[in-house]
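Heads up, the thing below is written out as structure tokens.
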Amino acid sequence: MIRKLIALSIIFFASANASAQGNTATKQVSTITIDAPQLQCEKKIWIYLPKNYDSTQKKYPVIYMHDAQNLFDAKTSFVGEWNVDEKLDSLNAQVIVIGIEHGNNKRIDELTPYKNAKYGGGNADNYLEFIVKTLKPEIDKKYRTKTNSKNTAIMGSSLGGLVSFYAILKYPEVFGKAGVFSPSFDYSKDIYTTTENTKKTNAKIYFLYGDNEDADMVPNMKKMDNLLAEKRCECQHLTRKTIVKGGQHNEKLWRDGFVKAYLWLF
């Protein structure tokens, strides 16, 4: 799995903005650039607003998502977008989505909480600090958001799934929900240690993965299931698992699973 992740990250970097297809993002999507002092760079942020945002004064829950290049626009995606905007539009969804662009050649570093002996990484603490202390306050100031943890989710796939799961352990007061798609728990066994050392987590978690991703995905997920079961009672119904028969580690799996994850989390 790790070798596949590295290959995917290289493709993310090399294929950024390489598609000849026209822009496919809907009018509900806009972008801003924000300084990220924790990462010593600027970050491009994609913002999806509900269709009725301008015609009401209501406040909305927020989903923070990684790898924004792949969420809304086929032109910036590397093997197809998630169609997040079209899917939410079709539901008349009452939610704001904040997509954070990956750091190209720094993607692995930003989305991994721990170092890997071969592939490095381990800068997710700074990445999450950027989201929590710089990005979220700016979004909450500029847009009408519900700011508490119950109404703040984080979601991603692969390394983005790993860092989303890590985020609810590190910042339970900020993120009360997580969409964890095909998480790269095999990047470092330290994620299990962190989970074991976490006294309790009350976050709602939607796990999505395929049974044909690689030999490690299913046993890794079962191991994490067991650790979470020690932290909370199944009677709380805080975890939902969707295992896709034949599902592989790719955008199609995550795109097809997005709506069910959203509907269950919210």
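The values are calculated or read from the model by the stated rules, or taken from the named source; none is laboratory data. This one's a predicted model, so the numbers in the text were calculated from it and none came from an experiment. Virtual Cβ from ideal backbone geometry, glycine too; neighbours counted across all protein chains shown.
Taken together, Glu42, Glu110 contain a single residue that is closer than 26 Å to Tyr171 by Cα, of a type in the set (Asp, Glu) and buried (at least 17 other Cβ atoms within 10 Å of the Cβ), which is Glu110. Residues in the range 94-107 that are modelled with pLDDT of 95 or more, part of a loop (DSSP other than H, G, I, E, B) and under 18 Å from the mean Cα position of the chain (by Cα) were compared, and the one that is surrounded by the most Cβ atoms within 10 Å (Cβ to Cβ) is His102. Determine, yes or no, whether Ile108 is among the hydrophobic types (A, V, I, L, M, F, W, C) and within 30 Å of Lys231 (Cα to Cα). Yes: the conditions hold for Ile108.
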